[in-house]
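**Student:** I have a structure I would like to understand better, so I am pasting it below and will then ask my questions one at a time.
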Number of protein chains: 2
Amino acid sequence: MTAYDIPFGVEVDFETGAMEAADRVIVRRASGMRGYYADADALEQIISSGDPIHYRVYEKAIPEQEGHLLFCMSVLEPGRVGREFFFTKGHYHTVADTAETYLCIRGQGIMLMKTTDGRWAAESMRAGRMVYAPPFWAHRSINTGPEPLISFCVYPAHAGHNYGDIETEGFPKRVIYSPSGPSLADPASLC
Amino acid sequence: MTAYDIPFGVEVDFETGAMEAADRVIVRRASGMRGYYADADALEQIISSGDPIHYRVYEKAIPEQEGHLLFCMSVLEPGRVGREFFFTKGHYHTVADTAETYLCIRGQGIMLMKTTDGRWAAESMRAGRMVYAPPFWAHRSINTGPEPLISFCVYPAHAGHNYGDIETEGFPKRVIYSPSGPSLADPASLC
């Protein structure tokens, strides 16, 4: 029996994305994203100019057991590294056949998803849009707008996070700025 | 492989609670709530004056399999039956040790929860508040405000619904109107 086997409520702020009384706040700064963007020099410039926060994830320490649900608020800052919009690392689940739901509360962006066997998908994110990452699909959020991209996420508490081939392979598409709006580019085209 | 093993997104309306392209909309009218409220005569009056919708639940037809997540929008209308505020039937999960998360999008109310061994809990619901119903806890929403009570709900897709002792026993507390605000009453006090 833990404190999380008893009902509770938490306040979440739809403007800032903060979760009151979060047990964990994962803070990912620009320096934690080395190796992820095509333009490494542009990232180093951002790091040397104050190493700003890239994204934060607020969570409660729900037991990582089957039957429980982990939920979080994800806040991805707006910005670009070279031509690429800021993104989260993205992850598979360690228990690969577990899904995740995202309800976008504020901002606009894209959820990029992929499987280990080479399939990929992109879904738009904006306030009032919910995106489903089915079992087996790695998922990365990309903020293509001028505001923080704020989402409420839920996944089975035993799922775990696994970066798998993301650190070495990245995603099959990169989301870049163009004057006519965000567009999907092949990674090779940015090297 | 189903359509829900491929990523997708859906629009949800934070004002009305409607989910675009929902596969199922469960519509519970006043007549579907016979036996649930203390004041049966008051309920019959409501039924005979048009049998209005009590609540609606919008869902996608996610496969009811472990690893998937079922998500829904729940819209509970405002109103009273006698002194009691409108509520949902409430349910346990058939797979009892599965949790459910509620993110309240609009309105105000109370989530009443109980276990089969007699424990109970009440958590307030309002826009920007998230309530966690842990494994084994039956949960019922009560709308204590003047607007629809709208929540985004997520639970393991294999959980199932089980009314168990709710149809015969109800919940250990009823939420009633008083001039100073909603209050919890013992069921016996309303008979």
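**Student:** Sorted from largest down, what three extents in whole angstroms do the Cα atoms of the stretch B:137-191 have along their principal axes?
**Tutor:** That gives 42, 29, 13 Å along the principal axes, largest extent first.
**Student:** Between the alpha-carbon centers of the stretch A:119-178 and the stretch B:110-136, tell me the distance in whole angstrom.
**Tutor:** 30 Å
**Student:** At a temperature of 4 °C and a viscosity of 1.567 mPa s, determine how fast the protein assembly as shown diffuses translationally according to Stokes-Einstein, using the Kirkwood radius over alpha-carbon pairs as Rh; express D in µm²/s, rounded to the nearest whole number.
**Tutor:** Rounded, D is 59 µm²/s.
**Student:** Moving to a separate point now. For the rotation taking B to A, I'd like to know which residue in chain B has the C-beta closest to the axis, plus that distance in Å.
**Tutor:** Closest to the rotation axis on chain B: B:Val154, 2.
**Student:** Something else about it: Between A:Glu15 and B:Ala18, what FRET efficiency follows from the Cβ-Cβ distance if R0 is 25 Å, with the result rounded to 0.05?
**Tutor:** 0.60
**Student:** Per residue of the stretch A:9-19, in order, report the coupling 6.51 cos²θ - 1.76 cosθ + 1.60 (Karplus, θ = phi - 60°) as ³J(HN,Hα) in whole Hz, putting x for Gly and Pro.
**Tutor:** Values, residue by residue: x, 9, 8, 10, 9, 5, 7, 9, x, 5, 10 Hz.
**Student:** Then there's this: Could you check the spin-label model distance between B:Ile47 and A:Ser180? Points 7 Å from the Cα along Cα→Cβ, value in nm.
**Tutor:** 6.0 nm
**Student:** Please state, rounded to one decimal and in Å, the Kirkwood hydrodynamic radius that the stretch A:1-40 gives when every pair of distinct Cα atoms enters the mean of 1/r.
**Tutor:** Evaluated over the stretch A:1-40, this radius sits at 13.6 Å.
**Student:** Cα to Cα, under 26 Å, and not fewer than 8 places away if on the same chain: which lysines meet these conditions relative to A:Lys60?
**Tutor:** Excluding near neighbours in sequence, the set is A:Lys89, B:Lys114.
**Student:** If you don't mind, another one. Over the protein assembly as shown, with the other protein chains present, what is the accessible area per residue in square angstrom, probe 1.4 angstrom?
**Tutor:** 40 Å²
**Student:** Nearest 0.05, what FRET efficiency do B:Asp5 and A:Glu64 give at R0 = 22 Å with Cβ-Cβ as r?
**Tutor:** 0.35
The values are calculated or read from the model by the stated rules, or taken from the named source; none is laboratory data. Fair warning: this is a prediction, and the values are worked out from it, not measured in the lab. A quick note on method: Cβ atoms are made from the backbone with ideal geometry, for glycine too, and the neighbour counts reach across all protein chains shown. Side chains included, ligands, DNA and RNA excluded: accessible areas come from the protein's heavy atoms. Shrake-Rupley method; radii C 1.70, N 1.55, O 1.52, S 1.80 Å.
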